[in-house]
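No lab work stands behind these numbers, since they all come straight from the coordinates. Computed from a predicted structure; not experimentally measured. Quick reminder, even Gly has a Cβ in these numbers, built from the backbone with ideal geometry, and neighbours come from all protein chains shown.
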Amino acid sequence: MTYITPALRRQVEQRANDRCEYCLLPADVTFFPDEVDHVIAVKHGGATNSDNLAFACWRCNRYKGTDLGSFAPQTRAFSFLFNPHTQKWDKHFLIEDCRITGLTPEGRTTVRLLQLNNDERIAERQRLLG
C-alpha cells in the first residue's frame, strides 16, 4: 500500500469539493469515509501525486479497484474508465431521476463497472433529494 500524506489527502479532497469524483456523492453523507484512489493504479505504473489521485466514495473505489477499463456495454469494445482529471464529468454522464447515464463509451463503461445504478446507489441518491 502506498502512503498518502495528510496534506496530499486534503489537497485531493479540496480539489474534489469533498465529493466522490466518480458518482458525485458528497463525503458528508457517506457511512464510510471517502478514500483517495489512484486513477492509474500503482501496479500499472501510476504515481502517488495529485495528478493521479481522485477522491472516491468507498463503493466507487471498491468496484473500480485497480481497473483501468473494461468492455463498453453497447459495443463490447475495450474502453478506458472515466478519468476525473483529464475528462469533464458532464461530458460523460447525465443524472436523471437519480440514475446516472453514460453518454460516451468511457461513461457507459464506468457506470457499469462501478455499478453506479444498482438499487442501493439509486436509493441513496433518492434519500439525498428527500
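Applying both filters, DSSP loop and at most 10 other Cβ atoms within 10 Å, to the trypsin sites (Lys or Arg not before Pro) of the stretch 26-125 gives R76, K88. Computed over neighbours whose Cβ is under 11 Å from that of S70, the net charge equals +2, Lys and Arg +1, Asp and Glu -1.
Rank these for me by crowding, L114, L129, L103, L25, going from fewest to most other beta carbons within 10 Å. Write down the numbers at each step before the final one.
Working: L114 27, L129 7, L103 13, L25 21.
Ordered by Cβ neighbours within 10 Å, fewest first: L129, L103, L25, L114.
Ignoring the sites themselves, what is the longest stretch of the chain with no chymotrypsin sites (Phe, Trp or Tyr not before Pro) in a DSSP loop and at most 11 other beta-carbon atoms within 10 Å?
Numbers: sites that count: Y3, F31.
Answer from the scan: 32-130.
If every alpha-carbon in the stretch 28-126 counts as one equal scatterer, what log10 I(q)/I(0) does Debye give at q = 0.14, 0.15, 0.21, 0.22 1/Å? The Debye formula, applied to the Cα set alone, gives -0.53, -0.61, -1.19, -1.28. Cross-link partners of K88 among aspartates and glutamates, defined as those whose alpha carbon lies under 18 angstrom from its own and excluding same-chain residues fewer than eight positions apart: E13, D18, E21, D37, D51, E96, E106.
Consider all pairwise Cα distances in the stretch 70-130 and report the whole-number % of them above 18 Å. Mind dumping the intermediate values first?
Details: 651 of 1830 pairs.
Result: 36 percent of Cα pairs exceed 18 Å.
Other residues within the sphere of radius under 12 Å centred on the Cβ of H38, judged by their own Cβ, net out at -2 (K and R +1, D and E -1).
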